[in-house]
Amino acid sequence: MEIDLSKYNNSWYHPGSKLKLGLWYITNILFFRSSLVPFSSFKGSLLKLFGAKIGNKVVIKPRVNIKYPWFLEIGENTWVGEDVWIDNVAKVTIGKNVCLSQGAMILCGSHDYTKTSFDLMIAPITLEDGVEFLHKA
C-alpha cells in the first residue's frame, strides 16, 4: 500500500482559535522552550492563564515543549524535567508526585499507516499518581 498525502485531511480537528493558538505558540517559545525563565511558579501561572489545571508545587524545568495547555492537567508535587515534550493534541492528565524525566515524550496523536490517507488518530493519556516516566535512549 502506498501512502498518498494529498488525501490527508484533518479538518475535523480544531484544538482552539487561531488567536489562542498564536498567543500560546509565542508564549511557549519565550517562556517554556527557552532556558531563560527558570521560575516554575511563573510557568504554572502562564499555563493556568491558558486553561491548564496545575497543582501546587509543580516544577517545570527549562526547555519544556507543551502543545496545548488547555488540554493539560498536572497534579501537585509533580516534576517536569528538561527537554520534556508534551504533544497533547488530546487531554493529558498527570497525577500527583509524578516525575517526567529529562527528554521524556508524551504523544497523544499518531497517524493510521494502514490507510492511504494517513488519517490523524488521537487519544487521551493519563499518568497515575506516583509514576516515574523516564526517557530511555
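The values are calculated or read from the model by the stated rules, or taken from the named source; none is laboratory data. This one's a predicted model, so the numbers in the text were calculated from it and none came from an experiment. Here Cβ is always computed from backbone atoms with ideal geometry, including for glycine, and neighbour counts include all displayed protein chains. Heavy atoms of the whole protein, side chains included, go into the accessibility calculation; ligands, DNA and RNA do not. Shrake-Rupley method; radii C 1.70, N 1.55, O 1.52, S 1.80 Å.
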TODO: Compare the Cα positions of SER117, GLY16, GLY95 along the charge dipole of the chain (+1 at Cβ of Lys, Arg; -1 at Cβ of Asp, Glu; about the Cα centre) and return the one farthest towards the positive end.
DONE: GLY16
Open item on the list: I'd like the carbon and sulfur percentage of the solvent accessible area for the chain, probe radius 1.4 Å, heavy atoms only, ligands and nucleic acids excluded.
Closed with: 58
TODO: Would you check the accessible area of GLU82, probe 1.4 Å, heavy atoms only, in square angstrom rounded to 10?
DONE: 50
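Quick check: with the 1.4 Å probe, what order do LYS7, LYS91, LYS18 take by accessible area, largest first?
Numbers: LYS7 115, LYS91 75, LYS18 180 Å².
From most accessible down to least: LYS18, LYS7, LYS91.
P(r) tail for the chain, what percent of Cα pairs lie past 24 Å?
On the way: 3019 of 9316 pairs.
Value for the chain (Cα pairs over 24 Å): 32 percent.
So for region 44-99, averaging the separation of alpha carbon pairs under 8 Å that are six or more residues apart and normalising by length, what relative contact order in percent results? List each step's numbers first, then the result.
Numbers: 125 pairs, mean separation 19.3, N = 56.
35 percent.
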TODO: Provide the per-residue ³J(HN,Hα) series for region 18-28, in order, calculated from phi with Karplus coefficients 6.51, -1.76, 1.60 and θ = phi - 60°, each as a whole number of Hz, with x at glycine and proline positions.
DONE: 4, 5, 4, 4, x, 5, 5, 4, 5, 4, 4
Task: Exposure rank, largest accessible area first [TRP70, TRP85; 1.4 Å] - done: TRP85, TRP70
- [ ] Could you tell me what percent of the DSSP beta bridges with both partners in the chain are antiparallel, to the nearest 5?
- [x] 15
- [ ] Tell me what the chain gives for mean residue ellipticity at 222 nm when only DSSP H runs of n ≥ 4 count, each as -39,500 (n - 2.57), the sum divided by the residue total, rounded to 500 deg cm²/dmol.
- [x] -4500 deg cm²/dmol
Open item on the list: If each residue of separation counts as 0.36 nm, what is the full-extension length gain between LEU107 and ALA123 once their alpha-carbon separation is subtracted?
Closed with: 4.8 nm
Open item on the list: Probe of 1.4 angstrom, ligands and nucleic acids ignored: what's the accessible area per residue over the chain, in square angstrom?
Closed with: 60
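What FRET efficiency comes out for the pair TRP12/VAL131, r = Cβ-Cβ distance, R0 = 41 Å, nearest 0.05? Show your work: numbers first, answer last.
Details: r = 31 Å, r/R0 = 0.76.
It comes out at approximately 0.85.
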Open item on the list: Give me P(r) over region 53-103, computed from all C-alpha to C-alpha distances, binned every 5 Å, as integer percentages.
Closed with: 6, 23, 30, 31, 9, 0
Task: Mean separation of Cα contacts under 8 Å, 6 or more apart, over the residue count of the chain: relative contact order % - done: 21
- [ ] Treating only the Cβ atoms of Lys and Arg (+1) and Asp and Glu (-1) as charged, compute the dipole magnitude of the chain about its Cα centre; round to the nearest 20 debye.
- [x] 540
